[in-house]
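The values are calculated or read from the model by the stated rules, or taken from the named source; none is laboratory data. No experiment lies behind these values; they were computed from the predicted model shown. Cβ placement follows ideal geometry from the backbone for every residue including glycine, while neighbour counts extend to all protein chains displayed. SASA here: full protein model, heavy atoms, side chains in, ligands and nucleic acids out. Shrake-Rupley method; radii C 1.70, N 1.55, O 1.52, S 1.80 Å.
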Amino acid sequence: MSGPKVVRVVTREERIDTCESLLRQLDAAVASLKKTAKRFDDTKAGEIAEMSQRRSRLRDLVASDRFDEAERSIQQEIAFYQAEREQAITRA
């Protein structure tokens with residue numbers, strides 16, 4: 001294939017912004033799960049005490065410039081909390 005090739009360099013600041021955005025989404029998912037657990041008095045969903053520890057570990061990944069691992073892990077955590085919320089609603 002001929003023709004010009006375009007490569008976009010993603011800066012460190014852009015990677016940090018992406019991770020910070022994902023962390024905000026994670027915070028929203030956690031808050032939603034806690035709200036749902038409280039509303040339905042679901043102790044199983046409310047028993048996830050290590051939420052803040054997990055978030056701290058994810059924040060540490062971003063701080064140590066391990067962006068790929070951080071993005072992947074944060075997205076997995078968001079999916080987990082969303083699934084837990086759905087299960088809490090189903091149990092209720």
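Placing +1 on each Lys and Arg Cβ and -1 on each Asp and Glu Cβ, with no other charges, gives the chain a dipole about its Cα centre of roughly 160 debye. Looking at the chain as a GNM with Cα springs under 10 Å, which of GLN53, GLN82, GLN25 has the largest mean-square fluctuation? The residue with the greatest mean-square fluctuation here is GLN53. With each label modelled as a point 7 angstrom along the Cα→C-beta vector, the ALA63-GLN25 pair spans 2.3 nm. In the chain, Cα pairs under 8 Å separated by at least six residues give a relative contact order of 40 percent. Protein heavy-atom surface of the chain, 1.4 angstrom probe: 50% of the accessible area is carbon and sulfur, with nucleic acids and ligands not counted.
Note on the chain: along the principal axes its Cα atoms extend 61, 30, 15 Å, ordered by decreasing extent.
Full extension from GLU86 to SER52: what is 0.36 nm times the residue separation minus their Cα-Cα distance, to one decimal in nm? Present the calculation step by step, with values, prior to reporting the outcome.
Working: separation 34, 0.36 × 34 = 12.24 nm, distance 2.05 nm.
That pair, GLU86 and SER52, stretches by 10.2 nm at full extension.
With R₀ fixed at 41 Å, the C-beta to C-beta distance from LYS38 to ILE16 puts the FRET efficiency at about 0.80.
Multiply the residue separation of GLN76 and SER2 by 0.36 nm, subtract the distance between their alpha-carbon atoms, and state the gained length in nm to one decimal.
Details: separation 74, 0.36 × 74 = 26.64 nm, distance 3.91 nm.
Result for the pair: 22.7 nm of gain on full extension.
For the chain, the residue among ALA70, ALA88, SER21 whose Cα projects farthest onto the positive side of the dipole built from Cβ charges is ALA88. A 1.4 Å probe run over the chain, with the rest of the protein chains in place, finds 71 Å² accessible per residue.
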